[in-house]
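S.K.: Got a structure for you, questions after.
Just so it is clear, none of the values below were taken in a lab; they were calculated from the coordinates. Here the structure is a predicted model, which is why all the values come from computation and not from measurement. Here Cβ is always computed from backbone atoms with ideal geometry, including for glycine, and neighbour counts include all displayed protein chains.
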Amino acid sequence: MTFSDTFSTAIAALMVNKLRSALTLLGVVIGVGAVIALMAIGEGATRSVTNRFSDLGSNVLFIQEQQVDAGRPPGSRQAAVSGLTLQDAHAMENRNRFSYVDGVAPQSFYKARVSEASVSLDTTVYGVTPEYQWVRNFFADQGKFIDESEMSRRSLSAVLGSKVAQDLFGEADPLGQSVRIAVKGIEPAMAFRVIGVMEEKGSFGGSDRDDAIFIPLSTMQAKISADRSALGLANVMQISVSINDPAELARGREEIAGLLRERHRTGEDDFSIRSQEELLKTMDDIKRGLMVFMGSIASIALLVGGIGIMNIMLVSVTERTREVGIRKALGARRRDIVMQFLAEAVMVTMVGGLIGVALGVLGAAFADGKPLMGGRLVTVVTTQSIAITVGVSVAIGIFFGIYPAFRAAGLNPVEALRHE
């Protein structure tokens with residue numbers, strides 16, 4: 001028999017029992033559809049996380065304060081400085097020592113309540129320097145960002161996140177308006193003049209940068225922050241350092257850590273340094289674990305579908321025993337019988353795979369953009385995922401069709417002809 005004859009005969013055999021064939025491929029449809037949808041979600045999550053990290057700024061090191069054991073002997077020389085300070089950030093700007101540093105942005109932040117007229121809401125107020133927008137790739141969309149003039153004057157100027165501006169002022173122009181900011185635990189509220197509104201960025205990692213207010217760091221340290229180091233210097237909670245070359249990230253991390261150890265002399269680090277690469281790797285590990293878990297569930301559906309195919313093919317061999325005997329009596333070779341039944345199994349899984357791909361693509365398209373955990377679900381279907389799933393469905397047909405096919409080919413012609 002030719003290849004085309006084999007498959008045309010397989011199609012004819014499957015069409016004899018349409019309902020049974022449809023139920024047989026249902027498991028494959030569900031499994032393949034689930035794999036396509038889950039791979040689309042995983043790919044979308046990967047691209048979304050990568051884009052979000054790009055939004056945070058290019059090649060950035062994030063330095064944060066960290067609690068250390070204060071149980072040292074009285075008068076210990078190791079207890080000179082505690083926590084990160086503005087002077088630490090200035091030391092990192094030394095171009096002679098750190099030629100690869102593009103910018104340094106220290107910041108502090110507190111939970112606060114902001115109000116305007118009869119509207120009030122809870123948000124986060126950030127004390128930042130002018131370099132923040134360049135280091136963190138986050139710019140003003142209206143008005144202007146904090147500049148050196150606001151820093152030197154310790155002005156009561158504020159730049160609103162897009163969400164805060166919308167919630168407080170709606171469609172009205174917020175520029176030049178006054179808002180009252182009360183940091184929780186620090187009274188009374190102070191009036192700030194709005195000088196700008198930030199571009200819309202969205203949320204990431206549990207933090208919504210649109211739901212924020214930015215004020216000069218000097219103003220926060222002078223009028224809000226009560227957090228001081230052992231030397232009386234105003235602490236900062238985080239320092240972001242932009243590196244001009246990705247290849248210098250590891251060197252920058254090591255040398256900046258060395259600088260902080262020199263300055264703090266705490267014995268053990270009272271800071272932590274993380275890079276975008278580490279954060280991205282952490283997210284990638286989480287995604288990979290979720291994909292393995294979800295892929296296992298989808299694989300179970302494919303396994304069930306494959307077992308169903310084997311059962312139905314075994315039933316088909318029993319029902320067509322006499323047909324096999326007649327074909328062998330007319331000169332059909334063992335290989336022809338094997339190919340016939342394998343073709344039927346592969347046909348079922350191939351059709352089921354194609355239908356499953358279509359349903360998976362439709363499901364991914366339907367889910368794309370839907371709200372999820374404060375953000376939007378992103379799905380991306382790739383040709384690679386389609387090719388893999390179709391190939392897997394065909395492989396399932398071959399694997400689970402081998403035993404029934406060889407069982408049919410091994411039938412004795414005389415016994416098969418006598419079968420009723």
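S.K.: Setting aside same-chain residues fewer than 8 positions from residue 201, which aspartates and glutamates have a Cα under 13 Å from its Cα?
M.R.: Of all the aspartates and glutamates, those that pass the test against residue 201 - Cα under 13 Å, at least 8 places apart if same chain - are 55, 141, 210, 211.
S.K.: Under a plain spin-label model, where a point goes 7 Å from the Cα along Cα-to-Cβ, how far apart in nm are residue 274 and residue 121?
M.R.: That separation, rounded to one decimal, is 2.7 nm.
S.K.: From the square roots a ≥ b ≥ c of the eigenvalues of the alpha-carbon gyration tensor of segment 86-160, which class results: rounded (a/c under 1.5), prolate (a/b over b/c), or oblate? It would help to have the intermediate numbers written out before the result.
M.R.: Numbers: a/c = 2.39, a/b = 2.18, b/c = 1.10.
Verdict is prolate for segment 86-160.
S.K.: Computed FRET efficiency, Cβ-Cβ of residue 47 and residue 95, R0 30 Å: what is it to the nearest 0.05?
M.R.: 0.25
S.K.: Taking the Cβ of residue 62 as the center, what net charge do the other residues with Cβ under 11 Å away carry, scoring Lys and Arg +1 and Asp and Glu -1?
M.R.: +2
S.K.: I would also like to ask the following. So for the pair residue 263, residue 315, with labels modelled 7 Å out along Cα→Cβ, what separation do we get in nm?
M.R.: According to this spin-label approximation, the distance is 7.5 nm.
S.K.: What is the Cα radius of gyration of segment 285-355 over 2.2 N^0.38 Å, N being its residue count?
M.R.: Rounded to two decimals, the normalised Rg is 1.60.
S.K.: Here's something else I'd like to know. Tell me, in nm to one decimal, what length is gained between residue 137 and residue 199 on full extension, where the rule is 0.36 nm per residue of separation less the Cα-Cα distance?
M.R.: Values: separation 62, 0.36 × 62 = 22.32 nm, distance 1.04 nm.
Length difference between fully extended and current span is 21.3 nm.
S.K.: Could I have the simple spin-label model distance between residue 322 and residue 171, label points 7 Å from Cα toward Cβ, reported in nm to one decimal?
M.R.: Spacing of the two 7 Å Cα→Cβ label points: 8.0 nm.
S.K.: By per-residue mean of other Cβ atoms within 10 Å, what is the highest-first order of 128-135, 401-408, 313-320?
M.R.: Peptide ranking by packing, descending: 128-135, 401-408, 313-320.
S.K.: How much length, in nm to one decimal, is gained on full extension between residue 281 and residue 178, taken as 0.36 nm per residue of separation minus their Cα-Cα distance?
M.R.: So the extension gain works out to 32.8 nm.
S.K.: Based on the Cβ-Cβ distance of residue 370 and residue 293, what FRET efficiency does E = 1/(1 + (r/R0)^6) give at R0 = 22 Å, to the nearest 0.05?
M.R.: 0.60
S.K.: Among 220, 104, 142, pick out the residue whose Cα is farthest towards the positive end of the charge dipole of segment 85-232, where Lys and Arg carry +1 and Asp and Glu carry -1 on C-beta, about the Cα centre.
M.R.: 220
S.K.: Between residue 153 and residue 394, what is the FRET efficiency for a Förster distance of 60 Å, r being their Cβ-Cβ separation, to the nearest 0.05? Mind showing how you got there, number by number?
M.R.: Numbers: r = 71 Å, r/R0 = 1.19.
About 0.25, to the nearest 0.05.
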